[in-house]
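For reference, the structure discussed in these notes is given below.
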Amino acid sequence: MIKTPFFRAAVAIARKDIRAEFRSRELISLMGLFALLSILVFSFALELNREVRVEAVGGVLWVTILFASILGLNRSMTMEREGGGMDALLLAPIDRAAVFVGKLAANGLFALLVGVFLMPILSALYNVSLLQPVMFGALALGTFGLATIGTLLAALIGATRARESLLPVLMLPLALPILITVTRATNAILSGTVADSGAWLSGLLVVDIVYAVMCAWLFEIVAEE
């Protein structure tokens, strides 16, 4: 049986997920509402002065994106499993890594859209300027890293009964290197220290590459099981 070319298969899978989501708008709406409520709770709970707000806003942004991503990944994988979509993808004549890349692209895009949605709101609530070109780069790298881990773990536990509770338990410690690095990069950008922000962004890029390679390799093992 002839396999579908890698890139074409990955694009087709990502396009399928994105098209399905923009028809239903279920995941993005759920993630966006959760994220909005979370930052509102943070803003009311953290009565901070100007200097402390600049230091706290990075953590608020990325913790919110992380939990919104977990919520979206849980729902996305449940829908895929219930509809038999994942089984069909694994039986199709395509590379397992292409399935991973396609799902990663869609999951990363959804998390990125939530982050873009949050940035102007956080800028207004915390009186800081998140709308900077370099911040969009940090946002893209951070959401890509979180989506990489989340896509692998969601596939790993998708068939278990306790997947809703297992995903955050497994993902939080594994996402910690990305969360720490991207939060430090965000704080450096907001404080205007160009050298520090460049160093943290470079470190984030390295972490993303390592995670992407490892997760793509592990996904093939998980898929075979």
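Since every read-out is calculated from the coordinates, none of them should be taken as a lab result. If you're wondering where the values come from, they're calculated on a predicted model, not measured in any experiment. Cβ atoms come from the backbone with ideal geometry, glycine included; neighbour counts cover every protein chain shown.
Extension gain for SER123-ALA195 works out to 23.6 nm (0.36 nm per residue, less the C-alpha to C-alpha distance). Taking a point 7 Å from the Cα of PHE6 along the Cα-to-Cβ direction, the residues of the stretch 93-129 with backbone N closer than 20 Å to it are 93-108. Simple spin-label estimate for LEU36 and LYS16 gives 3.2 nm between the two label positions (7 Å along the Cα-to-Cβ direction from each Cα). Applying 0.36 nm per residue to the separation of GLU26 and ARG75 and subtracting their alpha-carbon distance, the gain on full extension is 16.7 nm.
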